[in-house]
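A short write-up of the structure that comes next.
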């Protein structure tokens, strides 16, 4: 890295709402203010999509390799677009509004959680074929952002105020952290968090995990040792959700 400033923002005459850069920071996508069209600018070209099915688009997300872009819509579907060609490749449908989504770090898999799913669920999709792989039920809610761990497992909130790792191939929970408990004096009963884990982030090597939980009297952030599963430290983070820096050794 050179430290040079990279120009990403649209021009002054562009109708731009939310902006989303690709992982390489060389490509940028943005929605217009009405949420019914989006533009993608790559180093080679620029294109704009204006289709009736784009109305209601609320977010744009790039795959890790920057080749696919997912447009999440409030009307119950996600569109997959080829970034280089400017073509829609697939439309993935749900019975209710998608809540959050994330791409697998190395495989063509997209994980999506929807707001109206019974008892909470996450659906995995093959982004090359545009086909559903499986739906994992019983996931109480979805992290924001929903995320894969560096090893390719999916991190999801679990009952009793903790998080678990789901294997994308089997759809089964392969491990979970112990339930967080409030610090206490000797002889005082344990008290669990008042609410579920609602945000999390990994260190780049996956060795540490930062979780955030909201409570009535403030927010709590916990730093965990992932291999051992132990809680290293807690922080009182009022009205904020910090994240780990995506760098080795930090």
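The values are calculated or read from the model by the stated rules, or taken from the named source; none is laboratory data. Predicted, not measured: the structure shown is a model, and the values here were computed from it. Please note: Cβ atoms are built from the backbone with ideal geometry, for glycine as well, and neighbour counts cover all protein chains shown.
The table below gives the values:
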| read-out | value |
| --- | --- |
| Residue match in the stretch 31-40 (condition: part of a loop (DSSP other than H, G, I, E, B), out of contact with any helix residue (DSSP H, G or I) (no Cβ under 8 Å at 6 or more places or on another chain) and either closer than 23 Å to residue 168 by Cβ or modelled with pLDDT of 85 or more (or both)) | yes |
| Residues of the stretch 56-83 satisfying the condition of being assigned to a loop (DSSP other than H, G, I, E, B) and at pLDDT below 90 | 56, 74, 75, 76 |
| Residues (modelled with pLDDT of 85 or more and more than 23 Å from residue 113 (Cβ to Cβ)) located in the stretch 210-230 | 223, 225, 227, 228, 229, 230 |
